[in-house]
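The values are calculated or read from the model by the stated rules, or taken from the named source; none is laboratory data. Please read these numbers as outputs of a predicted model, since none were measured by experiment. Glycine also receives a Cβ, built like all others from the backbone with ideal geometry; neighbour counts cover every protein chain displayed. Areas reflect the complete protein model, heavy atoms only, side chains present, ligands, DNA and RNA absent. Shrake-Rupley method; radii C 1.70, N 1.55, O 1.52, S 1.80 Å.
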Amino acid sequence: MTRHSAAWLRDRMGALRLSGRAARLLLLRRVAAVLLLALAAIAAVRPGHGPAERTVPVLVAAADLAPGHVLDQDDLVLREMPADLVPTGALHEHRSAAGHVLATGAGRGEPLTSLRLAGPSPPGDLASVPIRLADPEVAEFVRPGRRVDIVTSGADGGGARVLAERAPVITVPPDASSTDQDRLIVVGLPAADAAEVAATALTRSVTVTLR
């Protein structure tokens with residue numbers, strides 16, 4: 001073998017070694033790329049690794065609250081809720097509910113909405129008393145600030161009995177469009193009358209006469 005042929009053979013062998021190394025590197029890169037794509041796909045479908053769900057702060061009841069309760073700061077808690085689960089009219093600030101009367105009861109953790117509020121608390125030492133009118137059409141003539149007498153039927157279906165006189169109407173919540181329920185209004189009463197009216201309204205039909 002001539003010197004020229006030996007040099008050519010060495011160059012050829014070196015080129016083959018380089019091309020083999022390049023091929024291995026290319027293969028390793030391709031395998032790594034495939035593994036990275038697979039890991040990315042797995043991460044995308046795993047729960048909790050998708051886009052963060054948007055939440056909204058909503059006022060909820062801190063404890064079980066009865067109808068007619070005057071809300072204060074301790075009754076209210078802000079909780080984060082998924083935006084698509086927030087009810088219509090939900091309240092988002094303490095000041096929008098504190099000092100207002102709760103028209104209907106609320107369970108602990110239940111979101112509070114504007115429709116659940118009957119209005120500001122009554123003046124002076126009066127207690128807010130929600131009552132359901134036997135004749136819902138009467139509510140159409142009742143306005144906040146108007147004075148009413150609260151009347152029920154006597155014992156054993158006897159004559160009418162006046163439970164309270166000249167009670168100020170605090171608010172008339174919007175009609176919930178439920179035709180099978182009596183219409184709710186909230187009146188202000190002294191503590192002694194408030195207990196009797198509230199208890200009577202639970203067992204008998206109650207209505208009001210306008211002053």
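Summing +1 for each Lys or Arg and -1 for each Asp or Glu, what net charge is found among the other residues whose Cβ lies under 15 Å from the Cβ of Val162? Net charge in that neighbourhood comes out at +1. Arg161 sits with roughly 100 Å² accessible to a 1.4 Å probe, with DNA, RNA and ligands left out of the calculation.
In the assembled protein chains, His92 presents an accessible area of approximately 80 Å² (probe radius 1.4 Å). Amide H to amide H, with H built 1.01 Å from N, Arg146 comes under 5 Å of Val169, counting only residues 5 or more places away or on other chains.
What does the charge add up to near Ala98, with Lys and Arg as +1, Asp and Glu as -1, over the other residues with Cβ less than 11 Å from its Cβ?
Values: positive: Arg95; negative: Asp72, Asp74, Asp75, Glu93.
Net of charged neighbours comes to -3.
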